[in-house]
1. Looking only at strands (runs of 3 or more DSSP E) that lie completely in region 61-140, which have at least 1 residues being modelled with pLDDT of 85 or more and more than 30 Å from Thr45 (Cα to Cα)?
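The values are calculated or read from the model by the stated rules, or taken from the named source; none is laboratory data. Values in this document were obtained by computation on a predicted structure and should not be read as measured data. With ideal geometry, Cβ positions are generated from the backbone for all residues, glycine too; neighbour counts draw on all protein chains shown.
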Amino acid sequence: MNTTKNLSFAAIIAAIGIMPAMAEVTAADNRTPTSKGYVDTVVGTRQAKIPAANPTNSSTPGTTVVMYTDTAGTIGERGIYNGGTYTAGTDANKLVTAAALDSSVNNIDTMTTTKLTCANPGICDLWTIDSQTVYGSGDNNTNSGNL
């Protein structure tokens, strides 16, 4: 009998120790039966699964970004431009990767030109000619407005 009391006491102590980890039951839970209909109704209020790819981009799955739209429960999609040949008709609305942007910026033509800098500020009747590098074509003959 003493063993039974010890086991009962241990079971009560274990139950008390577990209780804080259990979810609190609310009045709404007591009135809602868990049935297939109830579960189907609750699941129906959840967000729909995100589709694999919209039909507009089904030829390039995995190269798009999911975006918000103005319609609840509807997602948008935007393509990603990774570089290469740019085609305005298909690439104009795509997001640009950092690698594609870096490649474009590093391949912009530059040329050396000169600029005048005031040698005596305030009066500016003396000027120095300084060299500078600018972005643009190195072919100065393409601009008919050269002096």
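1. Here the list reads 75-81, 110-118, 127-135.
Condition check ((1) surrounded by fewer than 10 Cβ atoms within 10 Å (Cβ to Cβ); (2) farther than 17 Å from Thr63 by Cβ; (3) of a type outside the set (D, E, K, R)) across all residues:
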{"site": "Gly79", "(1), (2), (3)": "no, no, yes"}
{"site": "Asn82", "(1), (2), (3)": "no, no, yes"}
{"site": "Asp91", "(1), (2), (3)": "no, no, no"}
{"site": "Leu95", "(1), (2), (3)": "no, no, yes"}
{"site": "Ile129", "(1), (2), (3)": "yes, yes, yes"}
{"site": "Tyr135", "(1), (2), (3)": "yes, yes, yes"}
